[in-house]
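Structure first, commentary second.
The values are calculated or read from the model by the stated rules, or taken from the named source; none is laboratory data. Quick caveat: nothing in here was measured; it's all calculated off a predicted structure. Backbone-built Cβ (ideal geometry, glycine too); neighbour counts: all protein chains shown. SASA here: full protein model, heavy atoms, side chains in, ligands and nucleic acids out. Shrake-Rupley method; radii C 1.70, N 1.55, O 1.52, S 1.80 Å.
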Amino acid sequence: MADYLYLIPLLPLIGFLINGLLIGRLPKPVISLVGCGSIGLSLVLSLFAFFELRSLPEASRLIEQVLFTWVPAGSFHVNIAYLLDPLSAVMILVVTGVGFLIHVYSVGYMAHDPGYGRYFAYLNLFTFSMLTLVLADNYLLMFVGWEGVGLCSYLLIGFWFEKQSASDAGKKAFIVNRIGDFGFLLGMFIIFWQVGSLDFTVVMASAPTAFVAGGGLITAACLLMFVGATGKSAQIPLYVWLPDAMEGPTPVSALIHAATMVTAGVYMIARSSALFIMAPDALMVVAIVGAATALFAATIGLVQNDIKRVLAYSTVSQLGYMFLACGVAAFSAGIFHLMTHAFFKALLFLGAGSVIHAMSNEQDIRKMGGLKKHLPITYWTFLLACLAIAGIPGFSGFFSKDEILWKALSSNHGHLLLYVVGLVTALLTAFYMFRLLYLTFHGNERMDEHTKHHLHESPKMMTVPLMVLAVLSVIGGYVGMPHVLGATNYFEHWLAPIMASETGHGGEAATDLHMSGAGNTTLELGLMFLAVALIVCAILYARHLYLNKPEIATRLRERFSGLHTVLYNKYFVDEIYGAVIVRPLIYGSVFLWKVVDVVMIDGLANGFARVGQDMAELFKYAQSGRVRGYATVFVAGVVVLVGYLVMR
Amino acid sequence: MLEIALYSSIKVIVVVVAILTGCAYATYMERKVVAIMQHRIGPSYAGPWGLLQPLADAIKMAFKEDIVPDNVERITYALAPILAFIPSLLSFAVVPFSADFSLVGREITGVISDLNIGILWIFAVTSLGVYGIILAGWSSGSKYSLLGGIRSSAQMISYEISYGLSIVGVILIANTLSMRELVEQQGTILDWYVWKQPLGFLLYLICAIAETNRAPFDLPEAESELVAGYHTEYSSFRFGMFFVGEYANMLAVSAVGTTLFFGGWQAPWGAFPAQLSIIWFLIKVFLFMFFYIWLRATFPRFRYDQLMDFGWKILFPLAVLNVLVTGAIVLF
Amino acid sequence: MTVPISAYLTLAAVLFGIGTIGVLMSRNIIILFMCIELMLNSANLALIAFSRALNMMDGHVMVFLVLTVAAAEAAVGLAMIITIFRNRETINIDRYSMMKW
Amino acid sequence: MTLDTVIFFISAVVAVFGATMMISQRNPVASVLYMILSLVAQAVIYIQLSALFVGAMLVIVYAGAIMVLFLFVIMLLNLRGSEDLGAHSSPISKVTKYVVSILLFVEFVFVIKSVIIGSPVAGLLTTTPPVDDFGSVKSVSMLLFTKYLYPFELTGILLLIAVVGAVVIARRDKADDVEDTHSSTGTEPAKTDEVVTK
């Protein structure tokens, strides 16, 4: 049963090995075939696995495949084993599905890059790592994938390593991720210490007995793991790497920094839901950080001029949403938003890539405009994505976002403040997304003549994935329609068996509301309409500002120039980090280098060497090179030896 | 005890005298045979048919002035001819001349000493024979002599191995190292080991010629290249000793070859009066000597590199092959 | 036999001592080499004497093996001497001091 | 004085004389000759000890081959003992060397006196006659190819290695030859000048 499971991560690994070991020796079509084909096969297998899982009875939807024992150290026993359950099934579908589309898109996008083979090798390695992460059946193997995606993101962000900013961004991503990883590791240690195992099934099953609910230990473990999640999923305070990561090729941004890798943190928290549910304090932290990040990033997104940067902050903001969902114990809502976000954010990035491609690598939206007629497919798909992310009813983003907002208010862990922040963020999101849309595709053509001359719609290889993603962005949400609209929330139902709920029993999450009755339904519907109305207003205001009366925007900017500067410079967070953390670190390092290392350690080592040298200088005369001298010593030795034997 | 010593001494003296005479007449024989082969007459003035020529030579050598050049190593220079001469005499100690016979009521053995490692003795002694030549070449202080000496030592080392291996076949078949037993095993002409060891015999013959520095292997004294090689600086009696030593060596290897491959003193048909069996020994040795001289009259000299190549690349592998094949046959 | 084994052993010791002195004192590498051979031979003599005394042939085998080793040693050693002499034009072992610091 | 004693005495004296002369000669050829003398004397002692085969081998291998090799090398290098080996050693080191050597000898004698004499071995040589076949080729070979087969094979390998090693060490490289001729042609005039000025 599903014994092909291991093939799902293995195929990309094979693709990586083929492309990686034969770098520079394969023709481009072969590279493309290997790169896309391996992911495509993984996708097919994932679909098989998904349907196989679906055919099982609800209670036993869990397929575990143990390949071999990895670490057999006493009581510490770790397998290389893959676990397929509803959660990981969703994840592998998202990863392989979106990943496959992005691979295909990359064939067109990277067609003229000299590092074509390397690019696909990295991409495959990344997919392998991500699949390992989501399919792992224990924390340690998950950590392997976790580190793997970190490594790949470093490699891919710095793909154009000849560019200083790109390699800096790569390093930044790596280092910031490290900090988070450290927290994750510590959290893992606490879990192992208490539970004695790292297997998900064991941990989740024994968590209620191993930990005291709401106790300090479980809170610490959850917070530490959340630190890891903030690193990987770009939350405050470790979000700084993500906007810089836009230095990589655009499909990479789409794959890593929008659709898959950044969701690892959300996935991890959802995976550990049984633990988090026992630590309300940690959940609260998660919710607050998520909400704060969502708002914070959205405000920055308002004023950015780089098309990819806007999208990057949008990603950070949307990830905040997901954490908000997790923080109010609506894990399935978080995963739902993860999925829909993967669709439309990938679409947005790929669309941006298409624009950049057409604009000869120009990324500044102030120099765009009026691209609608030049790039019709890109425009329409981009528009669909914008509608989706803004939360217009009927599009996927609406369902997931609405669910999160409702849960933020209605959940046991929810709060009015969280809801308000979420709502404001939604408004801001709609606003800046349509600002982006209008500036890019509508209005005057502000690019120079040369670029204008070269404007062209992207090749089929790129537009087809766009269209597929557009379809997904639109219909992706219908699997999770809210009850209030009279539909069945298939998605929540699907995930219910493994998502911990307040009562500790699976399958009841859907009815887990502390308010009940018709009034409740009315409230939900009312809020839904309120949100939609506000969002539509925001969109219209954006249209007013950036399409009809651009001068108002300029005037606004001048009036609030102080605020604008702060926002434009991302609240000076990078600078603050630089002053508070990096600078002292450098001074400390210089001290260690100049004083401790050079003077003390090197001095000690050199001193030993000096002593040895002086001794050698003294004793070298024994090595006269005169054979007879050696022979004399030798014979003298024999004399002593025989003498000893005789006298004994 | 004393009696044995006495008889042994008598035997030794008889053998030594016989060998010296034999050497003397071997020179006569060589001159005559070569002369006839070259359509000359050879020595004919001293005595009937020149038969006293060796005596005349001996007298001449003994009375010529003994010239010792200035820059010779004197002790070595004096020692060299003796060293060249004595080992060949010593090797006769284990060669059986005749069957045991009784003379005036006494049992007389046909060998001076029947060592059970007779063949090894011969090898030990002949391996010492090279020192005469080497030291002569060295001590003379002349470059021709030195070249002769070096050539001789290299030649000896090269051919000694094949020489030793060539008779291993015989030893393997005979299962003894005693010369006497070897002869006794070769009762009739059919038992001669030359038939069982044709390759071994051929190798022995070639190596023996090389070991005795005879043509075509006479590079240490090659007249046309080195004047006279190792004995260029020798004259008078010392030269005579080299001269005699060379013939004594020839006689020794001939005697050993006879013993090993041709049944020694055994008559071809077997039964023969013991007292006269020495005749067959002499006949066979004579034939060997004749063959030697014949070769000298026939073949030109080897070039030095040819000599080395021949020794190492042909004789040595063949000798090893001979030993291997013989060993395999004896074993199975 | 009337000669006691101690006489043979003493002779071996004397030869060994002479060899030792030769090795230590001789500056001529060829003579030095021969002294080593002499020392080997003195050991051989002791082996032979013990063999005879104990009526065991094992000592003879040992001598045989020692002879082989000596032959190998001489071959390699002399080859080295020739090579070194080609470069240094000397057989004075004290001038073969290129192995020093 | 029995015959045995006489033979031993004479051989021992000759052996020691040869060895002593060997180390005291300046001329290596003379050294070789004395060495051979000593070896032959030792061979006589071997034979006196019923080691016929090994004795013969001693003469054949040492006197017949190894010493010829020494002579060959001496002649090849044309060493006449004329090279001034100088007196570089300090008196102290000279004395040290003598003292060390003599100490070693004294210790040996002491061992012989204290261990051998008085032990059961001491009398064995004079009382037990050699067993049949003692020291013959057959009996030595039997041991060699049965009990000591592996050491025997190992020494065979050692010899092979030594042969290869000797060839490799003593061979002149072709490239060296070319270089030699170049350099010799280059320096030849200078050399003749030197000779002339001398």
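The mean number of Cβ atoms from other chains found within 10 Å of a Cβ in peptide B:112-120 is 3, as a whole number.
With the cut-off at 40 Å, report for chain A the share of all Cα pairs above it, as a whole percent. Considering chain A, 33 percent of its Cα-Cα pairs are separated by more than 40 Å. Give the residue list of chymotrypsin sites (Phe, Trp or Tyr not before Pro) in segment B:53-97 that are DSSP loop and have at most 14 other beta-carbon atoms within 10 angstrom. Nothing satisfies the criteria. As a length-normalised measure over Cα pairs under 8 Å and 6 or more apart, the relative contact order of segment D:1-80 settles at 30 percent. Can you bin segment D:1-80 into rounded, prolate or oblate? Criterion: square roots of the alpha carbon gyration tensor eigenvalues sorted a ≥ b ≥ c, rounded for a/c under 1.5, prolate for a/b above b/c, oblate for the rest. Cα axes put segment D:1-80 in the oblate bin.
Round to the nearest 0.05 the FRET efficiency obtained for D:Leu3 and B:Leu55 when R0 = 41 Å and r is the Cβ-Cβ distance. Taking R0 as 41 Å, the efficiency between D:Leu3 and B:Leu55 is 0.55. Over all other residues within a Cβ to Cβ distance under 13 Å of A:Asp168, the charged ones net out to -1, with Lys and Arg as +1 and Asp and Glu as -1.
In a shell of Cβ-Cβ distance under 12 Å around A:Asn19, excluding A:Asn19 itself, what net charge do Lys and Arg (+1) and Asp and Glu (-1) give? That works out to +3. Ranking A:Ala59, A:Val176, A:Leu383 by how far each Cα lies toward the positive end of the dipole of chain A (charges on Cβ) leaves A:Val176 at the top. Between the alpha-carbon centres of segment A:429-489 and segment B:289-332 there is a gap of 99 Å. Dividing the C-alpha radius of gyration of the protein assembly as shown by 2.2 N^0.38 Å, with N its residue count, gives 1.58. With respect to chain A, whose longest principal axis is taken over its alpha-carbon atoms, helix A:550-559 is tilted by about 60°. A straight Cα-to-Cα reach below 30 Å connects B:Lys284 with the lysines B:Lys11, B:Lys32, B:Lys196, residues fewer than 8 places away in its own chain not being considered.
Take the protein assembly as shown with all the other protein chains still there, run a 1.4 Å probe, and you get 43 Å² of accessible area per residue. If a helix is a whole DSSP H run, which ones in chain B reach 30 Å or further along their own axis (Cα) and hold a mean Kyte-Doolittle hydropathy of at least 1.6? In chain B, the long hydrophobic H runs are B:118-139, B:277-298. Sparse packing (at most 12 other Cβ atoms within 10 Å of the Cβ) combined with a DSSP loop state is found for none of the GluC sites (Glu not before Pro) in segment B:151-219. The slack between A:Phe161 and A:Ile586, meaning 0.36 nm per residue of separation minus the straight C-alpha distance, is 150.6 nm.
For the pair D and B, the buried accessible area comes to roughly 2100 Å² in total, with a 1.4 Å probe and the value rounded to the nearest 100. Enter the buried accessible area of the D/C pair, total of both sides, probe 1.4 Å, in Å² rounded to the nearest 100. It comes to approximately 7400 Å² buried between D and C.
Excluding same-chain neighbours fewer than eight residues apart, the aspartates and glutamates reachable from A:Lys163 by a Cα-Cα span under 15 Å are A:Asp113, A:Asp244, A:Glu247.
Helix content alone sets the calculated 222 nm mean residue ellipticity of chain A: runs of n ≥ 4 DSSP H residues at -39500 (n - 2.57) each, divided across all residues, give -22500 deg cm²/dmol.
Here the convex hull built on the C-alpha positions of segment C:5-95 has a volume of 59 cubic angstrom per residue.
Taking amide H positions as modeled 1.01 Å from N, with prolines and chain starts lacking one, the residues under 5 Å from A:Leu84 and 5 or more places away or on another chain are A:Ile63, A:Glu64, A:Gln65. What FRET efficiency comes out for the pair C:Asn55/A:Ala616, r = Cβ-Cβ distance, R0 = 56 Å, nearest 0.05? Once rounded, the FRET efficiency stands at 0.50.
Considering the options A:Ile300, A:Phe349, A:Ser273, tell which one lies farthest towards the positive end of the dipole of segment A:265-384, charges being +1 on Lys and Arg and -1 on Asp and Glu at the Cβ, about the Cα centre. Sorting the options by dipole projection puts first A:Phe349. Of interest is the spacing of the C-alpha centroids, which for segment A:290-332 and segment A:53-113 amounts to 26 Å. Taken over segment B:79-180, the percentage of Cα pairs per 5 Å bin, counting from 0 up to the bin with the maximum distance, is 2, 12, 16, 17, 16, 12, 10, 7, 4, 2, 1, 0. Straight-line cross-link reach from A:Lys452 at under 12 Å between alpha-carbon atoms covers these aspartates and glutamates, not counting any fewer than eight positions away in the same chain: A:Glu362. For chain A, the longest principal axis of the alpha carbon atoms and the long axis of helix A:116-135 meet at an angle near 80°.
Computed from the C-beta positions of A:Ala205 and A:Phe182, the FRET efficiency with R₀ = 35 Å rounds to 0.80.
To test your reading of the geometry: what angle, between 0 and 90 degrees and rounded to tens, separates the Cα axis of helix A:603-619 from the longest principal axis of chain A? The angle comes out at about 20 degrees. For segment D:1-80, the share of accessible area belonging to carbon and sulfur comes to 78 percent (1.4 Å probe, ligands and nucleic acids excluded). For B:Ile108, the amide hydrogen comes within under 5 Å of the amide hydrogens of B:Phe101, B:Ser102, B:Leu103, counting only partners 5 or more places away or on other chains and with H modelled in the peptide plane. Working from Cα pairs under 8 Å separated by at least six residues, relative contact order for chain A is 11 percent. About its Cα centre, the dipole of the protein assembly as shown is roughly 1620 debye, where the only charges are +1 on Lys and Arg Cβ and -1 on Asp and Glu Cβ. By the equivalent-ellipsoid construction on the alpha carbon gyration tensor, segment D:90-149 comes out with semi-axes of 38, 20, 9 Å, ordered largest to smallest. Whole-Hz Karplus values for segment A:246-254 come out as 5, 5, x, x, 4, x, 5, 4, 5 Hz, taken residue by residue from phi with 6.51 cos²θ - 1.76 cosθ + 1.60 and θ = phi - 60°; glycine and proline positions read x. Build a GNM of chain B with springs between Cα atoms under 10 Å apart, and of B:Ala78, B:Ala18, B:Ala319 the one that fluctuates most is B:Ala18. Checking every one of the chymotrypsin sites (Phe, Trp or Tyr not before Pro) in segment A:131-209 against DSSP loop status and a limit of 15 other Cβ atoms within 10 Å picks out A:Phe161.
Counted as membrane-span-like here are DSSP H helices of chain C whose alpha-carbon atoms extend 24 Å or more along the helix's own axis and whose Kyte-Doolittle mean is 1.6 or above; these are C:5-25, C:29-54.
Amide H to amide H distances under 5 Å link A:Gly370 with A:Phe441, A:His442, A:Gly443, where only residues 5 or more positions off or on other chains count and H is placed in the peptide plane. Computed over segment B:209-302, relative contact order equals 34 percent, with contacts defined as Cα pairs under 8 Å that lie 6+ residues apart. Summing +1 for each Lys or Arg and -1 for each Asp or Glu among the other residues whose beta-carbon sits under 14 angstrom from that of B:Glu65 gives +1.
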